[in-house]
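Peer 1: Let me begin by handing over the structure; questions about it come next.
Bear in mind these aren't lab numbers, they're just calculated from the coordinates by the rules spelled out. What you see is a predicted model; the values in this text were computed from it and never measured. Counting neighbours? That spans all protein chains shown, and the Cβs are built from the backbone with ideal geometry, glycine included.
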Amino acid sequence: MQEGNRKAILAALLANAGIAVAKFGGWTVTGAASMLAEGVHSVADTCNQALLLWGGAAAKREPTEEHPFGFARERYFWSFVVALVIFALGGLFAMYEGIHKLLDPHDVTNPEIAAGILLLGIVLEGFSFRTAVVEGRRSKGTRSWWSFIRDTKNPELPVVLLEDLGALLGLVVALAGVGLAAWTGDSRYDAIGSITIGVLLCAFAIVLAVEMRSLLIGEAASADDRSAIRSALAAGGRIERVIHMRTQHFGPTTLLVALKVHFAQGLSVEELAREIDAAEERIRERVPAATMIFIEPDVYRPPAREDDAAAS
């Protein structure tokens, strides 16, 4: 795991742990449903950051006979688990608590305490979100944030970014719900705030789950990396054609590259072996993530045309 990722995760973990304690304290004093929903949300987020750190550590394990390609996908698996935790423990619980309070309403007491805790939470979450944004900008380049979340092979930063954004929006909603409930004397606003937080968290969780599922199943290298691999092969001069190429990310910095290549005729076995070794070295220079490269020499056979097939 890159140091920037770890920094963003640790900032989020510390912020969420502190906010969770404050929110539960505020809930015991005020009885606000949105405060309880936010407290559970912060506990879920704290657990999620711990899961991300665990996934990063587990991914570093050396390959074994049973897992010869290593454990890099641990980072994708635990990021997918995080999405499920946000959905179940954060989103569904918040909606349940809001619906429960709609059916059995009770007044919010000491709303000023709830407002103070929520404002403190906004400050702490804002710090965590800013850290994630700074680290994310180093990775996303000129891409939009949405494109970065959709295309990146790095699972931790999108998780932390969406978690922190969801937490900030949830705090604003909770503050609005508690404020309106205190101002109007109608506790239904607090309940609606809790339901809104739940819907918001479920939406973010679904986006994360879809993206992490795609990474977990296995995504190909980016178009730029595939182009760089082809350029590296062409630079050798003894490779006449790439018959086909298959790539798959096992982790952000672990890329499998499988190639079937047509080499120039007349090469001896020793010369062919040297050409393959040189091609692998050129690929690794241009695409450092390509840690596993398999090149199979073959003969290119043009596909038969339909009219030729019909004549035969």
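Peer 1: Expressed as a rounded percentage, what relative contact order does the chain have, with Cα pairs under 8 Å and six or more residues apart?
Peer 2: Values: 479 pairs, mean separation 60.3, N = 312.
Relative contact order, the chain: 19 percent.
Peer 1: Any idea which of Pro68, Ala228, Gly179 is furthest toward the positive side of the dipole for the chain, if Lys and Arg beta-carbons carry +1 and Asp and Glu beta-carbons -1?
Peer 2: Among Pro68, Ala228, Gly179, the one farthest towards the positive end of the dipole of the chain is Ala228.
Peer 1: Which of the GluC sites (Glu not before Pro) found in the stretch 12-85 are loop residues per DSSP with 15 or fewer other Cβ atoms within 10 Å of their Cβ?
Peer 2: Glu65, Glu66
Peer 1: Using alpha carbons only, what's the Rg to Rh ratio of the chain with Rh from Kirkwood?
Peer 2: 1.17
Peer 1: Now, a different point. Charges on Cβ only, +1 for Lys and Arg, -1 for Asp and Glu, centred on the Cα centroid of the stretch 223-306; of Ser268, Thr247, Met292, which one is farthest towards the dipole's positive end?
Peer 2: After comparing all options, I get Thr247.
Peer 1: Ok, one more. With everything on Cα atoms, drop me the angle between helix 93-103 and the longest principal axis of the chain, reported from 0 to 90° to the nearest 10.
Peer 2: 30 degrees
Peer 1: Give the long-range amide H neighbours of Phe263: residues separated by 5 or more places, or on another chain, with amide H under 5 Å away, using H modelled in the peptide plane at 1.01 Å from N.
Peer 2: Long-range HN contacts for Phe263: Glu240, Asp298.
Peer 1: On the first, second and third principal axes, largest extent first, how far apart are the outermost C-alpha atoms of the stretch 152-286 in Å?
Peer 2: Result for the stretch 152-286: principal-axis Cα extents of 89, 21, 17 Å.
Peer 1: Sticking with this one: So how strong a dipole does the stretch 39-104 carry about its Cα centre when Lys and Arg Cβ are +1 and Asp and Glu Cβ are -1, to the nearest 20 debye?
Peer 2: So the dipole magnitude of the stretch 39-104 works out to roughly 140 debye.
Peer 1: I would also like to ask the following. Could you tell me what percent of the DSSP beta bridges with both partners in the chain are antiparallel, to the nearest 5?
Peer 2: On the way: 10 of 17 bridges.
Close to 60 percent.
Peer 1: How long is the stretch 130-201 along each principal axis, judged by its Cα atoms, biggest number first, in Å?
Peer 2: 49, 19, 17
Peer 1: What FRET efficiency comes out for Glu66 versus His244 if R0 is 30 angstrom and r is the Cβ-Cβ distance? Round to the nearest 0.05.
Peer 2: So, using R0 = 30 Å, E works out to roughly 0.55.
Peer 1: By a straight-distance test (C-alpha under 19 Å), which lysines pair with Lys7 as possible cross-link partners, with residues fewer than eight away in the same chain excluded?
Peer 2: List returned: Lys60, Lys140, Lys153.
Peer 1: Once you charge only the Cβ atoms, +1 for Lys and Arg and -1 for Asp and Glu, what is the size of the charge dipole of the stretch 159-312 about its Cα centre, to the nearest 20 debye?
Peer 2: For this selection, approximately 80 debye.
Peer 1: Hey, fewest Cβ within 10 Å first, where do Trp78, Trp27 land in order?
Peer 2: Details: Trp78 23, Trp27 20.
Ascending number of Cβ neighbours within 10 Å: Trp27, Trp78.
Peer 1: I would also like to ask the following. Sequence-distant or interchain residues sharing an amide H contact under 5 Å with Thr291, placed H: which?
Peer 2: Excluding prolines and chain starts, which carry no amide H, the hits are Leu255.
Peer 1: Give the average over all directions of the projected area of the C-alpha convex hull of the stretch 223-306, one decimal, in nm².
Peer 2: Averaged projected area of the stretch 223-306's Cα convex hull equals 6.2 nm².
Peer 1: Further, regarding this structure: Could you work out the helix-only [θ] at 222 nm for the chain, with each DSSP H run of four or more residues adding -39,500 (n - 2.57) and the total divided by the number of residues, to the nearest 500 deg cm²/dmol?
Peer 2: For the chain, the value works out to -23000 deg cm²/dmol.
Peer 1: Quote the charge dipole size of the chain about the Cα centre in Debye, to the nearest 20; the model charges only the Cβ of Lys and Arg (+1) and of Asp and Glu (-1).
Peer 2: On the way: 29 positive and 36 negative charges, 99 e Å.
Roughly 480 debye for the chain.
Peer 1: Under a 5 Å amide H to amide H cut-off, with H placed in plane at 1.01 Å, what residues pair with Gly70 once short-range neighbours are removed?
Peer 2: Thr64
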